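Structure first, commentary second.
The values are calculated or read from the model by the stated rules, or taken from the named source; none is laboratory data. Not measured: the values here are computed from a predicted model. Don't worry about glycine lacking a Cβ; one is built from the backbone with ideal geometry, like all the others, and counts go over all protein chains shown. Protein only, heavy atoms only, side chains kept; ligands, DNA and RNA dropped before computing areas. Shrake-Rupley method; radii C 1.70, N 1.55, O 1.52, S 1.80 Å.
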Amino acid sequence: LFWLSLNVWLFLKTFLLYYQGLQYYYLHQMLGLGLCVSRASASVLNLNCCLVLLPMCRVLLAFLRGSQKVASRKTRRLLDKSKTFHVTCGVTICIFSVLHVAAHLVNALNFSENYNEDFPSINAANYRGEDPRKLLFATVPGLTGVIMVLVLFLMCTASTYAIRVSNYDIFWYTHNLFFVFYILLMLHVSGGVLKYQTNLEEHPPGCFNPNKTVRENMTVPKAFEESFPDYTTEHFPEDLSVPEPFVQNNFMRICSEEPKFQSHFPETWFWISGPLCLYCVERLYRYIRSNKPVTITSVISHPSNVLEVRMIKDDFKARPGQYIILHCPRVSALESHPFTLTMCPTDTKATFGVHLKVVGDWTERFRDLLLPHSNQDTEILPIFQQRRYPKLYVDGPFGSPFEESLNYEVSLCVAGGIGVTPFASVLNTLLDGWKHFKLRRLYFIWVCRDIESFRWFADLLCTLRNKLWQENRPDYINIQLYLSQTDGIQKIIGEKYQALNSRLLIGRPRWKLLFDEIAKCNRRKTIGVFCCGPNKISKILHKLSNSSNSYGTRFEYNKESFS
């Protein structure tokens, strides 16, 4: 709402500037409101084309998200809205682009029909009645504008949820057309079609030019024109009184020269040059950082089509909750995909890993390269088979909201299915040591459709629980596992999972009762709520986090989405 209000205010302010500005008087007489609407929408487009790139500067966001860089947790939580802000800017660009295009279509028609013979320099058309289509397809601003509309249409339609889910490749390839869009944008604004008057003092708009009037009304014989060719160019004598008809209007001003017009300097360059250079520098840095392939140490096939990949990379550091981007040239030369770290490197071990669910073409091809016999649920030790693995490049790590889970005294982590991955890295970190973190109580809720999915991190949960019991802190973590779909009572297979079987519940969580119980046990505290799962669960948790309770407990909601 704030961003919408800001854009509307900027639009109206620029509209009034061009509507009331004397320097645009003659251009406004020719184009009418089309001038005001086109320039007002252009100012909004400049702002949003400038800011839409900043949320995509992932290295910058990860740097700012570090607790030492931004001390305020509230400010750090604003960084979690980066994706929402990017989408908002994109939608704003689409809306005001439609308005901008419509205004310029009217302008092209007015340039042709209202051709000003007195001031030919402000005309975009060459003569009255020129085909407006020539202005659209035979000029640099017109042609680049048409191509930009097509590029923007492809980017917007391919960004819809349905296309992203059904065919991510289309979204990825079309979204990378943004670079073409920005090149065309810089060419588009360099045409200088719309001009403003520079000599307002010498020629106030609507003023009376006596020299022009005398020349138009006086008939000079040919002989005088040949003998005195400069006669008609003399200025009106200053000591000669102006005829009475010319001064009967007390508000009429005398102009001393013809109006002069000049094109605006392309302000869009100022708006987009900084963010575009910042983004390009970051992409270059990311390319250099990820140019060396990682060493894959092991690949594990888990139940329910989940693959675990463990890797080693020199000087790789990451915080729990962060994610990386994997690029495998043998799978796709251009495609890269983000995956949340489930294991972070520590001072004692350099291994880090990810869990990925095999859905879609990319993950299927990637699995087939890593596990030629993918039906075997065994771990591959690559000491003598390392060369069989394809080259894999890692870009990152990058920040996510889940980094904050260790910075609350009490945290509630809710996972749905494979959405457990960001919390796995948090649990692994706590296994290495929990005393130096602010976190003192963790509520871990995991909802799955089938019993086999719990085996992805069953060993980790059992090991962490046993360690906390040995350290006399059994209340540090509260584990609740929910099996949402079942034909009867089921258990996680294995004697060592008996502790988890006691925490396994059939059905879905009763969220309202859960929040009330947590609020009652943690009176007057601030609890961080973290969710990675379906939107249905996310909306429920968001609503409950914003609702009040009688215990003075405050819930702060954080979310990560699958798409």
When the charge dipole of the chain is computed with +1 at the Cβ of Lys and Arg and -1 at the Cβ of Asp and Glu, the Cα pointing farthest to the positive end, of 34, 127, 346, is that of 346
Could you grab the relative contact order for the chain? Cα pairs under 8 Å, six or more apart, rounded to a whole percent.
11 percent
Once you have the alpha carbon radius of gyration of segment 497-561, what is it after dividing by 2.2 N^0.38 Å, with N set to its residue count?
1.23
Go through 313/539; 81/512; 357/539; 467/543; 438/543; 313/438 and tell me which ones have a Cα-Cα distance over 32 Å in this structure.
313/539; 467/543
Rounded to the nearest 10 Å², what accessible area does residue 28 have for a 1.4 Å probe in the complete protein model?
40 Å²
For the chain, accessible area per residue (1.4 Å probe, heavy atoms of protein chains only), Å²:
54 Å²
So, with +1 on the Cβ of K and R and -1 on the Cβ of D and E, and no other charges, what is the size of the charge dipole of the chain about its Cα centre, to the nearest 20 debye?
3980 debye
Hey, what did segment 403-560 get for relative contact order, percent, Cα under 8 Å, at least 6 apart?
26 percent
How large is the Kirkwood hydrodynamic radius of segment 403-560, counting all unique pairs of alpha carbons, in Å?
16.0 Å
Just want to confirm a number: the relative contact order over segment 46-129, from Cα pairs under 8 angstrom separated by 6+ residues, in percent.
26 percent
Stretch gain in nm, segment residue 105-residue 499, where the contour uses 0.36 nm per residue and the Cα spacing is subtracted
134.8 nm
Mind checking the angle between helix 458-470 and the chain's longest principal axis? C-alpha axes, 0 to 90 degrees, to the nearest 10.
70 degrees
Excluding residue 361 itself, calculate the net charge of residues whose Cβ lies under 12 Å from the Cβ of residue 361, where each Lys or Arg counts +1 and each Asp or Glu counts -1.
-2
Toward the positive end of the charge dipole of segment 403-560, about the Cα centre and with charges on Cβ (Lys, Arg +1; Asp, Glu -1), which of 480, 549, 451 goes farthest?
549
Residue 469 - accessible surface, heavy atoms, 1.4 Å probe, Å² rounded to 10:
140 Å²
Percent carbon-and-sulfur accessible area, segment 403-560, ignoring ligands, DNA and RNA, probe 1.4 Å
48 percent
Please give the solvent-accessible surface of residue 276 in Å², to the nearest 10, using a probe radius of 1.4 Å with every protein chain present.
20 Å²
Taking the mean number of other Cβ atoms within 10 Å as a proxy for protection, how do you rank 438-449, 155-166 from highest to lowest?
438-449, 155-166
Surrounding net charge for residue 260, when Lys and Arg each add one and Asp and Glu each subtract one, Cβ distance under 14 Å:
-4
Provide Rg and Dmax in Å for segment 15-104, with only Cα atoms included in the calculation.
18.6, 57
Using every alpha carbon pair in segment 288-443, what percent of pairs falls into each 10 Å bin from 0 up to the bin containing the largest distance?
10, 39, 35, 13, 2
Nearest-ten-degree value, helix 82-113 long axis tilted from longest Cα axis of the chain:
20 degrees
Compactness ratio of the chain: Cα Rg over 2.2 N^0.38 Å, N = residue count?
1.37
Chymotrypsin sites (Phe, Trp or Tyr not before Pro) restricted to DSSP loop in segment 70-159 with at most 11 other C-beta within 10 Å:
127
Over segment 10-160, what percent of the accessible surface lies on carbon and sulfur atoms, probe 1.4 Å?
68 percent
C-alpha long axis of helix 140-158 to longest principal axis of the chain, angle in °:
20 degrees
If you split all Cα-Cα distances of segment 272-355 into 10 Å bins from zero, what percentages do you get per bin, shortest first?
15, 42, 31, 10, 2
